[in-house]
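J.: Structure incoming, see below.
The values are calculated or read from the model by the stated rules, or taken from the named source; none is laboratory data. This one's a predicted model, so the numbers in the text were calculated from it and none came from an experiment. In this analysis, Cβ positions are derived from the backbone assuming ideal geometry, glycine residues included, and neighbour counts consider all displayed protein chains. Quick note on the areas: whole protein, heavy atoms, side chains included, nothing else; ligands and nucleic acids left out. Shrake-Rupley method; radii C 1.70, N 1.55, O 1.52, S 1.80 Å.
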Amino acid sequence: MTLQQFFDRVGERPDWVLIYFALLPLAALLANFLGKNEGHLPPWNYFYAFLIYLVCVPGIFAVALNIYLFLFERRSIFDFNIYTQILPFFSMLLTLWLIRRNVVSFDYIPGFQKLSGLVLMIFAVIAIMWIVDRTHIVVMCYLKFEYVLVIFAVLLVLLLWGWRKLFN
């Protein structure tokens, strides 16, 4: 099964996707009511970490896929699937906002720094791929080679910093 076949199959029956991405913010809202002002304490912060991973992995994938399709495949925004490419992102934002309302800081959530490092690393790789895709030989004529090296060095440092945040 390819990724396109998976998206087509999900698009045919979106009810499970809607239930999944509706239950995650509802679970965060319920946890806010049950554990009011205790989000940084051990039973709740592990539950929030579980919720964050359940919502952020598809949300980050959807954002990265949208950026890839928009920049490299040159697809129109009007062709995006609402259930698989837009709903995960908005569910992620809503769930993180609800969790942030009860938790003092995301620093108390186990593993949250790993997700932020993963996001930074994904977008640094996408930026490097986009620059390599766009800079054919023309860039050597219009832009000095030193500037190209500086851009690659900065993106590499961002990539390494995200990698260190992910695995430390």
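J.: Failed condition for residue 82, given (1) over 23 Å from residue 20 (Cα atoms); (2) surrounded by fewer than 17 Cβ atoms within 10 Å (Cβ to Cβ); (3) not small (Gly, Ala, Ser), with all others met?
T.: (1)
J.: Further question: For the range 48-107, what are the residues that are among the polar types (S, T, N, Q) and either farther than 19 Å from residue 9 by Cα or within 12 Å of the chain's Cα centre (by Cα) (or both)?
T.: Going through the range 48-107, the residues among the polar types (S, T, N, Q) turn out to be 66, 76, 81, 84-85, 91, 95, 102, 105.
Matches in the range 48-107: 66, 76, 85, 91, 95, 102, 105.
J.: Going residue by residue through the range 123-130, is there one that turns out to be without any contact (Cβ under 8 Å) to a residue 24 or more places away in the chain, touching a helix residue (DSSP H, G or I) at 6+ places or on another chain (Cβ under 9 Å) and either open to solvent by less than 40 Å² (accessible area, probe 1.4 Å) or not acidic (Asp, Glu) (or both)?
T.: There is no residue in the range 123-130 that is without any contact (Cβ under 8 Å) to a residue 24 or more places away in the chain, touching a helix residue (DSSP H, G or I) at 6+ places or on another chain (Cβ under 9 Å) and either open to solvent by less than 40 Å² (accessible area, probe 1.4 Å) or not acidic (Asp, Glu) (or both).
J.: Under 16 Å from residue 28 (Cβ atoms) and in a helix (DSSP H, G or I): which single residue out of 91, 116 fits that description?
T.: The unique qualifying residue is 91.
J.: Mind checking which residues of the range 101-110 are surrounded by fewer than 16 Cβ atoms within 10 Å (Cβ to Cβ) and either in contact with a Pro (Cβ under 7 Å, 6 or more places away or on another chain) or part of a helix (DSSP H, G or I) (or both)?
T.: 101, 107, listed by residue number.
J.: Could you check how many residues of the range 2-58 are outside any helix (DSSP H, G or I), open to solvent by 50 Å² or more (accessible area, probe 1.4 Å) and in contact with a helix residue (DSSP H, G or I) (Cβ under 8 Å, 6 or more places away or on another chain)?
T.: Count: 4.
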